[in-house]
Amino acid sequence: MPETPLTPSTPRARLAYNANGLRSVSLDDAVRTLADRGYDGIELSLNAQHIDPWTFSAADAARLRETLAANGMVACSLATGDPHLLSEEAFEPALVDPDPAERARRLDLLQRSVRIGVLVGVPLVVFSTGKRRPEVGAAQADAWLDEALAVLLDTLHETLDAAGLPRGSTVLGIEPEPGFHCRTNADVAVVLERTASPDLWLSQDLGHCVVEEEDALGSLSRHLPITRHLQVEDIADRVHAHLVPGDGDVDFDAVGRVLADGYEGWISVELYDHDPVHRDAAQRSEEFLRERFPSLARPSRSIDLSSLETRSTASAH
C-alpha cells in the first residue's frame, strides 16, 4: 500500500536497552521502567540478579513472557557477556582458552544460554570469543572457536526441534570486543564466512567499533548486511568506557544516516556502568537516539489534511 498522508510511515528499526544497566532492580521492574520511558524492547542479560543460567526455570520464563506482554515489550536478545559469571578474572575462561577443561566451562555456559534463549523466545543469543593468550596462535584459536561454534549450533538446532520451533526462530550472534580474539567486525565476518551457517550472525557494538577501528563508520556500514543487532553507547577519546549517547565524541547524526539506509534490526543501548542513574540514563538515551536516528522516529499520530483541503478547494472551483 503506498504511503499517503493518512498512513504514517512505520519505523524500520526498534529501540531496546540492555538489562545489565538495571541490575539493582528486578527484571520485572526493569521491563516496566523501560516501557515507561518509551522503549520498544529489552536486551536480556545473564547475571545473578536477572537471569541466573544455573537456576532460571521454565516458570521464570513464563513469568517473564507475561511481564513483557503486559507492558507491550519485546525481549530482542539475550546477552551472555557478564564478566564474572565464571571467574573473578573478567571474561575468563574464554572459548579459546588453552586449557580444554576451561574451554568446556565457557561452552557449557553458552549452551545453557542457548536453551534459555529458546525457552524465553528471544530471536538472538549473543556472545564473544574471549581473549586469546599470547602463547596461543591465531590458527589454533580459530580451530577451537570453530569446534565450539559447531557444538553451539547443534545445541541450538536440537533445542528448537525439541520445542517444535522452526529453524531460525532463534539464531546466534558473535559480538566483537576490544582485546578479544575477535575484536573487529571484519574478524567476525571471516568466522561467519568460514562457518557458512545461516544461524550465525554479527552483533555489532558501535562503541567497540569506534575504539578498535580506524574507519568505524565505514565498518558499521560495510557489515550491516550480516548484522542482526546493534548495541550503541557513546565513547570519548576512543577509550573503552560506555557513555550515555550525546556525552562523548561519536557523531550520532552520521550513524543515523548510515542506519537509515536500510537497517531494520534492533538498536540496543548498553550502559552497564550507569545502574545508579539508570532511569535518567535510559530517558536521555531514548530521547537523544530517536532524535538522531531517522529509522527510530515514531510515526506521527496526527493526520495531515493539507492535501485533502487542496483537493477540496480545487473541486469548488
- Message: Would you confirm whether or not region 88-103 contains a residue that is touching a residue at least 24 places away in the same chain (Cβ under 8 Å) and in contact with a Pro (Cβ under 8 Å, 6 or more places away or on another chain)?
- Response: yes
- Task: Would you point out which residue out of Leu107, Leu124 is touching a Lys or Arg at 6+ places or on another chain (Cβ under 7 Å) and crowded, with 17+ Cβ neighbours inside 10 Å?
- Result: Leu124
- Checking Pro134, Pro123 in turn, the sole residue that is more than 20 Å from Val190 (Cα to Cα) and without any contact (Cβ under 8 Å) to a residue 12 or more places away in the chain turns out to be Pro134
- Query: In this structure, does Ala79 turn out to be open to solvent by less than 60 Å² (accessible area, probe 1.4 Å), under 20 Å from the mean Cα position of the chain (by Cα), under 23 Å from Pro123 (Cβ atoms) and modelled with pLDDT of 95 or more?
  - Reply: yes
- Query: Right, Val31: at pLDDT 95 or above, in contact with a Gly (Cβ under 7 Å, 6 or more places away or on another chain) and of a type in the set (A, V, I, L, M, F, W, C) or not?
  - Reply: no
- Item | Unmet criterion (only one of (1) within 20 Å of Val171 (Cβ to Cβ); (2) open to solvent by 20 Å² or more (accessible area, probe 1.4 Å); (3) modelled with pLDDT of 95 or more) for Ser57 | (1)
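The values are calculated or read from the model by the stated rules, or taken from the named source; none is laboratory data. Treat the numbers as computed from the prediction; the structure is a model and nothing was measured. Reconstructed Cβ throughout: ideal geometry from the backbone, glycine too, with neighbour counts over all protein chains shown. Accessible surface areas use protein heavy atoms only, side chains included; no ligands, DNA or RNA. Shrake-Rupley method; radii C 1.70, N 1.55, O 1.52, S 1.80 Å.
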